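All remarks here apply to the structure that follows.
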Amino acid sequence: MTTSASSKLSKAVKQQYMDLPQGDQVQAMYIWIDGTGEGLRCKTRTLDSEPKSIEDLPEWNFDGSSTYQSEGSNSDMYLIPSAMFRDPFRKDPNKLVLCEVLKYNRKPAETNLRRTCSKVMEMVEANHPWFGMEQEYTILGTDGHPFGWPSNGFPGPQGPYYCGVGADKAYGRDIVEAHYRACLYAGVQICGTNAEVMPAQWEFQVGPCEGINMGDHLWIARFILHRVCEDFGVVASFDPKPIPGNWNGAGCHTNFSTKEMRDDGGLRFIEESIERLGRRHSYHIRAYDPKGGLDNARRLTGHHETSNINEFSAGVANRGASIRIPRAVGQDKKGYFEDRRPSANCDPYAVTEALIRTCLLSEEGDEPVHGSTCFTL
């Protein structure tokens, strides 16, 4: 398996410099989503003092013609700080800054789905919508070969790898542990992790997060994973079906609840939401991956613990359904439901906005009603 050349540079030599004092100045790494809707970009600036809030962070700009976001003749794009986290790579007092992207005319870039999502979340603030997203990913070499797989051929069939332990079952745990601790340091609401069904595939969970925080925390968790993998010389892939054939794909199952659902008798509101989701299946499929459903079509086949992309289904404890009601929720008559359709490379802003539009704003049809669409086709 091929690893990157930079991973072989001496980390001990680098640490000599990282241990140097930086005075009162602070490094702020600005992070944004590029024109693909799934790639992340970043660059750093020096601040004269430690920012205590988003308001302390200045706007910035970048060359959008190099990130699939503008033409070269009019390439300046604006970075608007939107969420701030501690930097687990440079450590305190340095920061990670998640930004929205605006075009030259101050309108949101096509892949800036946060702006509309935030407005929709404000509309339902009194419902206290909670989300939890289960991010699956696959560790690959820089040559695209899954980490730990034989160079010619395949590992043993699926079965022993899910939540497995041992060198022949868990591939790449060092990366998982490093990512988990880095997220905790940063302040990301990461709540767990486990090895997945396909070898070299893992999952981490973020939540519960309320409203817009879901998208902010998941995007930063993804960024941190990419950086950790960079240090180890490997690649984190969010492709929903990285290995064709008889191998599980990668999703981003999304758990959703409102205050009404969590209160006694909340199962009625859960069932009402599922009915609304069933009438709007195609709208959600288009929102649940960056290519309007084309990526998910490779994953949602009705096999390998997935539903069929062309059919809507729901059931208690059914991992082959579009919507799963956990068994405990069915017993307690309150709680949350799990939407198993979002792909691993989904935009969490698009997913959470779509759930709010259908379940709380009672929208119907194939297009969003309240305001402009939050995803591109």
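The values are calculated or read from the model by the stated rules, or taken from the named source; none is laboratory data. Computed from a predicted model, the values in this text were never measured in an experiment. Backbone-built Cβ (ideal geometry, glycine too); neighbour counts: all protein chains shown. To get the accessible areas, we keep the full protein, side chains included, count just its heavy atoms, and leave off ligands, DNA and RNA. Shrake-Rupley method; radii C 1.70, N 1.55, O 1.52, S 1.80 Å.
Once phi is turned into ³J(HN,Hα) by the Karplus curve 6.51 cos²θ - 1.76 cosθ + 1.60 with θ = phi - 60°, what whole-Hz value does each residue of segment 3-14 show in order, with x for glycine and proline?
With coefficients 6.51, -1.76 and 1.60, one gets 10, 6, 5, 5, 5, 8, 5, 5, 6, 5, 5, 4 Hz.
Compute for segment 1-137: radius of gyration divided by Kirkwood radius, i.e. Rg/Rh, restricted to C-alpha atoms, rounded to two decimals.
1.02
Place a +1 charge on the Cβ of each Lys and Arg in segment 29-174 and a -1 charge on the Cβ of each Asp and Glu, then give the dipole magnitude about the Cα centre in debye, rounded to the nearest 20.
80
Please give every one of the lysines within straight-line cross-link reach of LYS91, meaning a C-alpha to C-alpha distance under 23 Å, and leave out same-chain neighbours fewer than 8 residues apart.
LYS8, LYS11, LYS14, LYS43, LYS52
Using a 1.4 Å probe on the protein heavy atoms only, what accessible surface does TYR78 show? Give it in Å² to the nearest 10.
Near enough 80 Å² of accessible area.
Using all alpha carbons of segment 271-327, what is the percent of pairwise distances in each 10 Å bin, ordered from the shortest bin to the longest?
25, 54, 21, 0
Could you work out the helix-only [θ] at 222 nm for the chain, with each DSSP H run of four or more residues adding -39,500 (n - 2.57) and the total divided by the number of residues, to the nearest 500 deg cm²/dmol?
-7500 deg cm²/dmol
Over the Cα atoms of segment 121-196, what radius of gyration and what Dmax do you get, in Å?
In order Rg, Dmax, the Cα atoms of segment 121-196 give 17.0, 55 Å.
Of the options SER70, TRP247, PRO290, report the single residue whose Cα projects farthest towards the positive end of the charge dipole of the chain (beta-carbon charges: Lys, Arg +1; Asp, Glu -1).
It is TRP247.
Placing one identical point scatterer on every Cα of segment 26-81 and ignoring solvent, what is log10 I(q)/I(0) from the Debye formula at q = 0.16, 0.23 Å⁻¹?
Those come out to -0.53, -0.91, one per q.
How much of the DSSP bridge set in segment 223-377 is antiparallel, in percent, rounded to the nearest 5?
Here the antiparallel bridges make up roughly 70 percent for segment 223-377.
Could you give the distance between the Cα centres of segment 12-78 and segment 213-278, to the whole Å?
26
Considering only protein heavy atoms and a probe of 1.4 Å, how much of the accessible area of segment 201-322 is carbon and sulfur, as a whole percent?
49
Grab the other residues whose beta carbon is less than 14 angstrom from that of LYS334, score K and R as +1, D and E as -1, and report the net.
Result for the neighbourhood of LYS334: -1.
Given a cut-off of under 8 Å on Cα pairs at least six residues apart, what relative contact order in percent is computed for segment 306-367?
Contact order relative to length: 20 percent.
How about LYS291: which lysines have a C-alpha closer than 20 Å to its C-alpha, ignoring those fewer than 8 places off in the same chain?
Partners within reach: LYS241.
Given the Cα atoms of segment 103-243, and with Rh set as the inverse mean 1/r over their pairs in the Kirkwood sense, what is Rg to Rh to two decimals?
1.05
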